[in-house]
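The values are calculated or read from the model by the stated rules, or taken from the named source; none is laboratory data. It should be emphasised that the depicted structure is a prediction, and the values quoted were computed from it without experimental measurement. All Cβ positions, even for glycine, are placed from backbone atoms using ideal geometry, and neighbour counts span all protein chains on display. Side chains are part of the model used for accessible areas, which takes the heavy atoms of the whole protein and leaves out ligands, DNA and RNA. Shrake-Rupley method; radii C 1.70, N 1.55, O 1.52, S 1.80 Å.
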Amino acid sequence: MPKLVSNLFVILMVGSLIVACANRGTPQGGPKDEKPPVIVKSEPENYAINFKATEIKLYFDEYVKLKNLSKQLIISPPMNTMPEITPLSSASKYITIKIFDTLQPNTTYAFNFGNSIVDNNEENAFPFYRYVFSTGSYIDSLEVKGNVKDALLLNTDTFVSVMLYEVDSAYTDSLVYKQLPKYITNTLDSTTTFTLSNLKAGKYKLIALKDQNQDNKYQQKSDKIGFIENYITVPQDTSYSLKLFTETPDFKAIRPKLLSGEKIAFGYEGDYRKTDIEITSVVPDSFAYRITKEKTTDTLLYWYKPRMASDSLLFKVSHPSGYQDDFTVRISEQKRDSLEVSATHSGTLHFEETFGIRANVPFEQLDFSKLRAIDKDSLAIDVTSRLDTLNNIYFFDFEKSEENTYSFQLLPGAVTDFFGRQNDTLNYTLKTKSTADYGNVRVTLKNATYPVIVQLTDKNGEVKREQYSTKPEPVDFTHVVPAKLFLRVIFDRNKNGRYDPGNYLLGIQPERVSYDSEQLDIRAGWDEVREFTLLE
């Protein structure tokens, strides 16, 4: 019996040792691979001269794949026929580039891969690899450097293309719309700086594009553009700064159409202000019309009365830019839009806001005797009104006090629309907060060139408050809703009271904009004084 126990004890001890050894030997996994792939060979060699090949192979020390190649790859000069680069959807130890384009003589080409080459497992990038070759006897080695900034917004777009157009006897500024540049690079997604490398000496036009469809040509409707006014000379020891802006499109009316009874939509591109829509058809003496702007689309609405017996109407659209065009609009008997009235605000009305009512059909008149406006104590308040005819809003101005409630009632017939129809009873209730719920900001500008537009914006550039200043004096923003905001100053160069972007063909840069480097933290019940020194 003791011998049996002894043997059992030995067996258990050996078993424990085996388990312990097994646990101790269980693989836990090695350190994460953070090393990027390494290129081991290229055929033809990188920086080859007298290049005549139609296929390039790049060999790596491990399996690689291509990620976001369409965004990352920049070929300079651009090719009319894009090369075929494989593999796109699988991993391989080499990348193949097949060239189909006819290469220019005595030209240095560069394939900039950005961060598109990654290893197969951890996607560690082989950063900013460039394959360079020359069809001539030497590699061009000159550079142009600089940075790109948004002219109006705090943050600059990623993947901005920077281009050089060679200024020769065939050059015109309009080439940016229809031809590929001589050289191109991209800021990619990590920086606003750029370097154009492997350039030939010469005279160039320097352009930046936020190229939405990636065709390396400027589309005014969709792309942002930046440019240096004067031609640049390479080589030159200068760093360039380009301001990217959205150009106001040239005005153009889009073929109008009848939407409903006596309501015609004139779509447009560009700046609609001061657009004239003139009916050129013969109309009766009783003919009347109104023009309003649709709230959410680039459309002017032309309302007319009475109904016309004709099956079409003729119009002439003109614009101060010199644009003019004639249109024929087919008309038919259709039902008119029903009158719908809504409020511009509901719930809380801040002290710096103005309450109003808008309608889907033009207002014709307001009968003040049918407007009832009282406060929380049922006391009548003094109200004046004004009509914004283009946006079709009746604004009601009155003196507000804190922590009050205001009730507006429009009795039947208070408003009459363009077609003579009137409202049913309308009721609106609004409340104000305590002044302690808001913050106040006083801004003092140093080194300002007046006039200026002083704005408080959010991080996306949306304007929350704005003041126009024509002389050196404090700019006060009272009753500001608590938020983290940015202080922005626009130098109103042409004194028209608004920000004006640039115009590429006219060689006009956007109006100068400055942001204060320190964010404003607007707090309830706080007053802040901010001194903003503007750089020359």
Which of the peptides 415-421, 338-344 is most tightly packed, and how do the rest follow, going by the mean number of other Cβ atoms within 10 Å of each residue? 415-421, 338-344
Give me the distance between the Cα centres of region 384-441 and region 159-186, rounded to whole Å. 54 Å
Under a point spin-label approximation (7 Å from Cα along Cα-to-Cβ), what is the SER141-PHE351 distance to one decimal in nm? 6.7 nm
Using only the Cα atoms of region 330-478, build the gyration tensor, take square roots of its eigenvalues as a ≥ b ≥ c, and label the shape rounded, prolate or oblate: rounded if a/c is under 1.5, else prolate if a/b is larger than b/c, else oblate. oblate
Efficiency of FRET between THR191 and LEU88 - r from beta-carbon atoms, R0 25 angstrom, step 0.05: 0.45
Place the peptides 231-243, 254-266, 276-288 in order of packing, highest mean first, counting for every residue the other Cβ atoms within 10 Å and averaging per peptide. 254-266, 231-243, 276-288
With Kirkwood radius over Cα pairs in Å defined as stated, name the option among [x] 29.9; [y] 23.9; [z] 26.0 computed from the structure displayed. [x]
Taking the alpha-carbon centroid of each part, what is the distance from region 96-123 to region 310-352 in angstrom? 52 Å
In a shell of Cβ-Cβ distance under 12 Å around PRO256, excluding PRO256 itself, what net charge do Lys and Arg (+1) and Asp and Glu (-1) give? +3
From the residues TYR450, PHE51, VAL160, which one has its Cα farthest along the dipole of the chain in the positive direction, the dipole being from +1 and -1 charges on Cβ of Lys/Arg and Asp/Glu about the Cα centre? PHE51
Quick check: from the Cα gyration tensor, does region 392-487 come out rounded (a/c under 1.5), prolate or oblate? prolate
The chain: calculated mean residue ellipticity at 222 nm from DSSP helix runs of at least 4, using -39500 (n - 2.57): -1500 deg cm²/dmol
Förster radius 41 Å - calculated FRET efficiency between THR238 and THR470 (Cβ-Cβ, nearest 0.05): 0.70
Would you be so kind as to identify which of THR187, LEU534, SER514 lies farthest towards the positive end of the dipole of the chain, taking Lys and Arg as +1 and Asp and Glu as -1 on Cβ and the Cα centre as origin? THR187
Full-extension gain in nm, LYS178 to GLU166, via 0.36 nm per residue minus C-alpha separation: 2.9 nm
May I ask you to give the solvent-accessible area per residue for region 309-435, in square angstrom, as obtained with a 1.4 angstrom probe? 54 Å²
Segment PHE491-GLU229, extension gain: residue separation times 0.36 nm, minus the distance between their alpha carbons: 92.4 nm
Carbon and sulfur %, accessible surface of the chain computed with the full protein complex present, 1.4 Å: 49 percent
